Amino acid sequence: MNVLVVDVGGTNIKILASGQTEPRKFPSGKKLTPEQMVSGVKELAGDWQYDVLSIGYPGVILQGKIATEPHNLAKGWVGFDLQAAFGRPVKLINDAAMQALGSYEKGVLLFLGLGTGLGSAMVVGGVVVPMEIAHLSYRKGTYEDYVGVRSLERRGKKKWRQHVKDIVARLTAGLNPDDVVLGGGNAKKLKKLPPGCRVGDNANAFLGGFRLWGLEASPVSQPSDEH
């Protein structure tokens, strides 16, 4: 069985099929509709063989279906039938949860994705627990307002790094994880990692997608871009 993993981000859509080593990508953004995503993936994966799909989605997934519209893409995702659109079985998972699953080693893992927004998930004893920490209140806004890409651009790296450190400390104190992984394209912009943290490879999102179907995969080449 060949699995196609689709990582839907606010900046790029990234894909990889089992048996392949080089991920492919195309730009997303606030005007991207689900129809455009499907069309783009089909075109980009046109010469790959795949039987099923894992799709990491930047929003809430309930009972295998999209429950909320994305904050960084166009609307129209809730109620959209991705399985019918692709004509193959699809497993949907929150995008941060997919990367968390691919990053998991043991115990209790807290994953924070520093990308276009703020992704979050936990893995407890191998079971994925999706979270939506990004939109909780923090200072004069939300966590995402202070550690998402727009904050990085507006406030600069120094203040952004301070907010990342503060938020990681708050969440670590409250959730008491054994392991903290900072993923997403902006994790590499941290000059010094907060205590107890390690940087996750964005390629772990693909591994998480393969694991959804019971597959393991060897490391892949990672395109140099931000989530």
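The values are calculated or read from the model by the stated rules, or taken from the named source; none is laboratory data. Nothing here was measured: the structure is a model prediction, and the numbers come from that model. Every residue, glycine among them, receives a Cβ derived from its backbone with ideal geometry; neighbour counts consider all protein chains shown. Calculation scope for accessible area: heavy atoms of the full protein, side chains included, ligands and nucleic acids excluded. Shrake-Rupley method; radii C 1.70, N 1.55, O 1.52, S 1.80 Å.
Things worth noting here:
- Share of carbon and sulfur in the accessible area of the chain stands at 51%, probe radius 1.4 Å.
- Here segment 1-112 yields Rg over Rh of 0.95, to two decimals, using C-alpha coordinates and the Kirkwood radius.
- Anchor Lys42: lysines whose Cα lies under 16 Å away (excluding residues fewer than 8 positions away in-chain): Lys14, Lys25
- Student exercise, segment 144-188 dipole from Lys, Arg, Asp, Glu Cβ charges, in Debye to nearest 20: 420 debye
- Placing +1 on each Lys and Arg Cβ and -1 on each Asp and Glu Cβ, with no other charges, gives segment 5-51 a dipole about its Cα centre of roughly 280 debye.
- Segment 12-44 versus segment 53-108: alpha-carbon centroid distance in Å: 14 Å
- Calculated mean residue ellipticity, 222 nm, the chain: -8000 deg cm²/dmol, from DSSP H runs (n ≥ 4) at -39500 (n - 2.57) each, averaged per residue and rounded to 500.
- For His71, the solvent-accessible surface with a 1.4 Å probe is about 110 Å², rounded to the nearest 10.
- Placing +1 on the Cβ of every Lys and Arg and -1 on the Cβ of every Asp and Glu, with nothing else charged, gives the chain a dipole about its Cα centre of roughly 1140 debye.
- Distance between modelled label sites at Glu43 and Lys191, nm, 7 Å Cα→Cβ extension: 4.2 nm
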